[in-house]
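Student: I'd like to ask you about the structure that follows.
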Amino acid sequence: MLLGKLLEAGRAEGLRRITADVLTNRAMRHVLRRLGFHLRHDIEERVVKADLDLYQLA
């Protein structure tokens, strides 16, 4: 999966955290959840905020 490869590349480059804003795309939210992202709704911005600590234990 491409997103998994991007996460691996981020780790290799020393990134600690990945964040994203997701609109109303349920499929993407599902993928992010499966990869371990924490999701929270931001009512004011009308997005879902996603973040992942790249060094957390799965």
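Student: Express the relative contact order of the chain as a whole percentage, based on alpha carbon pairs under 8 Å and six or more residues apart in sequence.
Tutor: 40
Student: Which value, in debye to the nearest 20, gives the size of the charge dipole of the chain about its Cα centre, when Lys and Arg are +1 and Asp and Glu are -1 at the Cβ?
Tutor: Working: 11 positive and 8 negative charges, 50 e Å.
Approximately 240 debye in magnitude.
Student: Any idea what angle helix 2-12 forms with the longest principal axis of the chain, computed on alpha-carbon atoms, 0 to 90 degrees, nearest 10?
Tutor: Taking Cα atoms only, the helix is inclined about 50 degrees.
Student: Filter the trypsin sites (Lys or Arg not before Pro) in the chain down to the DSSP loop ones having no more than 16 other Cβ atoms within 10 Å, then list what survives.
Tutor: Passing sites in the chain are Arg16, Arg46.
Student: Sum up the charges of everything whose Cβ sits under 11 Å from the Cβ of Phe37, counting Lys and Arg as +1 and Asp and Glu as -1, but leave Phe37 out.
Tutor: +4
Student: Neighbouring Cβ atoms within 10 Å as the yardstick, rank Leu54, Leu23 fewest first.
Tutor: Leu23, Leu54
Student: How are the Cα pair distances of the chain distributed, in percent, across 5 Å bins from 0?
Tutor: P(r) for the chain, in whole percents per bin: 4, 19, 29, 24, 14, 8, 2.
FYI, it's all coordinate maths here, none of it is from the lab. Note that this is a predicted model, so its numbers are computed, not measured. Methodologically, a virtual Cβ is constructed for each residue, glycine included, from the backbone with ideal geometry; neighbour enumeration extends over all protein chains shown.
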